[in-house]
Each structure stands twice: as structure tokens, then as C-alpha cells.
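Asker: Dropping the structure in here first, questions after.
The values are calculated or read from the model by the stated rules, or taken from the named source; none is laboratory data. Bear in mind that the values here come from a model prediction, so they are computed numbers and not experimental data. Backbone-built Cβ (ideal geometry, glycine too); neighbour counts: all protein chains shown.
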């Protein structure tokens, strides 16, 4: 017996545990997923002479659109081995591998249609952030473990002394009280958060406030007029009671970006040791995980706004 949406739709708690989305969120994503799937099919058919029409041949294991969406969401949420993923859906490992990469592109495109993907181009960052009326933003870095590279030079490049493991790293920028707005390129784990920010040359709208941790010590990009950051304890010294209290107040606000990253990492594919070696896939999955987090956040806020006020 294989997993199917038809069975899980009557068990919403299990559905949410397997996919990270509630029943209503799963249903809300389906129209965009269908549009993205249709676009993928058209791209596959263009310029080809077919001996039989689409849908011909053997009966597909993932025939229904809902099951395709379920398949890729389960993979992102649980990140099982492809043998296990195939077993859950009645496929072999080779077929599961093909569907994983095929449907990852479709899911990413669907989240793009929903306008939930973060910006990736630093040159567009200022324009994207200028749409936020508060002009208050948060920046932080996040690391993910990966399999130990076979190449000796790659092992040195991707070894993170901080994590004592081979990792990759990204910076994220979010609006205070909002969604993840920007995701940097993926870099080797030993590269410092501030170095990534310096190299990508972020520019903010004039008058912005930026909340950051001590890893960005001395960082104040173009457009930022106020920087909120905990004060480091001086070497062989101590902080005053006033400085400690200020650090607590800053941390109370700045912890929000940690919650955002925690929301992204509900997808275990970005927390477990990454096993896929397809080019750029390690970067693509984090972008998609950010999109899923933003989608959940937007959908739940929309539902809350529709709730009637208490009498």
C-alpha cells in the first residue's frame, strides 16, 4: 500500500506531519502547482515528435496531481533516502530519483507563482526592501551539513571550524515581523557571514534599521542609518549592567530571525546531512524551503485576518 493524498486528506494531522502543510495550505498550493506542472509538460513536449500522446504507456504511479505534490513535500519535510521515498510511493530508487529532481523544479516554480520565493540577486535587494514600509530588517547566517567531499581540496574548502563538520552557508535577510525577503548564494562553510555580505555588496533603502548579531561586527551597508547589535564583551574585561540590559533587549527582538530560520528548517532536507550531488541542487532546496516557509506564513496570516472579531 502506497501513500496517497486521497487517503491522507481524511487524516489532516498525519498530512501535516508528513508535508509541513495543513490541509487548507496543501489545497491552496495546488492551483499554482498544477500551473507549474502544465508548464513543465509543455516544455518537455515542445519540439518533439511523439509516437503516442501524453499519458500513454504504462500506468503512472504518481498519476494524480495531488500525489505529485504530496511526493515532493514529503521528501522535503522528512528527507528519507530515495529507496525509502520510492517504497512509500510504490516506486524504485531510480524512478524516485527522477521524480525528486523533476518535482523539485515544479514546486519551486509553483512557489514563484505564489510570489513566495526570496530574492536572490543582490543588485535587486534595495528595490525589494523599499516595498517594506517599516524599513526594519534582520540579517543572519545559517549553516547546513553536507557529506564529506571526496576531493582533498574540497574537504579543506567546505570544512567549518565552528561546526566541526563539512558545511555550506547562506545569509538570509527578513523584514521585522515579515517574511524572508532575500537569500544569498550558497558558499563554503568556512566563509564568514560578514564576508559573504561584503562580497555581495548589499544595499538597503535610505533610513533602514538593521538588526544583526555579533558575527556582523562593524557591518553597516549603504542605506542603513541605525544598526542594532549586541555589544561584545571586551577581552579581559566585562560589560556594564546597562550594556547587559541593552544586549537582552536587542536579543529579544533579533531572536525573530532565528525563528524565521527555524521555520525554513522545518524541511529536514536543509537540516540533515545533504546527500544529493546534482549541480546547484544544494542551493535550490534552500530557496524552495524559504518559499514554503513564506507560503505558510502568508496563508496563516490571511486566515487570521478573515477570522471575525470576538463580541
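Asker: For region 131-155, name all the residues that are under 26 Å from residue 165 (Cβ atoms) and in a strand (DSSP E or B).
Answerer: Here is the first cut: in region 131-155, the ones under 26 Å from residue 165 (Cβ atoms) are 138-155.
Passing the criteria: 138, 139, 140, 141, 142, 143, 144, 145, 146.
Asker: Can you find even one residue in region 62-71 that is modelled with pLDDT under 95, surrounded by 14 or more Cβ atoms within 10 Å (Cβ to Cβ) and not in a helix (DSSP H, G or I)? Outline the logic, then answer.
Answerer: The first filter runs over region 62-71 and keeps only residues modelled with pLDDT under 95, leaving 62-64.
Subset that is surrounded by 14 or more Cβ atoms within 10 Å (Cβ to Cβ): 62.
Filter again for not in a helix (DSSP H, G or I), leaving 62.
Yes, the conditions are met somewhere in region 62-71.
Asker: Could you say whether any residue in region 167-175 is farther than 29 Å from residue 295 by Cβ and either buried (at least 16 other Cβ atoms within 10 Å of the Cβ) or outside the structural domain of residue 250 (by TED's automatic domain parsing) (or both)? First the steps, then the outcome.
Answerer: First, pick out the residues of region 167-175 that are farther than 29 Å from residue 295 by Cβ: none.
Checked against the condition, which is being farther than 29 Å from residue 295 by Cβ and either buried (at least 16 other Cβ atoms within 10 Å of the Cβ) or outside the structural domain of residue 250 (by TED's automatic domain parsing) (or both), region 167-175 yields no hits at all.
Asker: Considering each residue of region 274-297, count those that are modelled with pLDDT under 95 and either touching a strand residue (DSSP E or B) at 6+ places or on another chain (Cβ under 6 Å) or crowded, with 17+ Cβ neighbours inside 10 Å (or both), and give that number.
Answerer: 1
Asker: For region 256-278, indicate whether the set of residues that are touching a residue at least 24 places away in the same chain (Cβ under 8 Å), assigned to a loop (DSSP other than H, G, I, E, B) and touching a helix residue (DSSP H, G or I) at 6+ places or on another chain (Cβ under 6 Å) is non-empty.
Answerer: Yes, region 256-278 contains a residue that is touching a residue at least 24 places away in the same chain (Cβ under 8 Å), assigned to a loop (DSSP other than H, G, I, E, B) and touching a helix residue (DSSP H, G or I) at 6+ places or on another chain (Cβ under 6 Å).
Asker: Residue 215 - would you say it is assigned by TED's automatic domain parsing to the domain that holds residue 193 and modelled with pLDDT of 95 or more? Walk me through it before giving the result.
Answerer: On the way: assigned by TED's automatic domain parsing to the domain that holds residue 193: yes; modelled with pLDDT of 95 or more: no.
When the stated conditions are applied, residue 215 does not pass them.
Asker: Quick one: is residue 293 farther than 20 Å from residue 141 by Cβ, in contact (Cβ under 8 Å) with a residue 60 or more places away in the chain and either over 17 Å from the mean Cα position of the chain (by Cα) or not assigned by TED's automatic domain parsing to the domain that holds residue 81 (or both)?
Answerer: Details: farther than 20 Å from residue 141 by Cβ: no; in contact (Cβ under 8 Å) with a residue 60 or more places away in the chain: yes; either over 17 Å from the mean Cα position of the chain (by Cα) or not assigned by TED's automatic domain parsing to the domain that holds residue 81 (or both): yes.
Answer is no for this residue.
Asker: Can you pull out the residues in region 5-32 that are closer than 17 Å to residue 77 by Cα, surrounded by 16 or more Cβ atoms within 10 Å (Cβ to Cβ) and in contact with a helix residue (DSSP H, G or I) (Cβ under 6 Å, 6 or more places away or on another chain)?
Answerer: Of everything in region 5-32, those that are closer than 17 Å to residue 77 by Cα, surrounded by 16 or more Cβ atoms within 10 Å (Cβ to Cβ) and in contact with a helix residue (DSSP H, G or I) (Cβ under 6 Å, 6 or more places away or on another chain) turn out to be 5, 8, 15, 18, 19, 20, 22, 23, 25.
Asker: Moving on. Would you please list the contacts, defined by Cβ atoms under 6 Å and residues six or more apart or on different chains, that run from a residue in region 78-103 that is free of Cβ contacts under 8 Å to residues at least 40 places away in the same chain to a residue that is in a loop (DSSP other than H, G, I, E, B)?
Answerer: Short answer, once both residue conditions are applied: 86/92; 91/61.
Asker: Within region 178-190, does at least one residue satisfy the condition of being modelled with pLDDT under 95, part of a helix (DSSP H, G or I) and buried (at least 17 other Cβ atoms within 10 Å of the Cβ)?
Answerer: no
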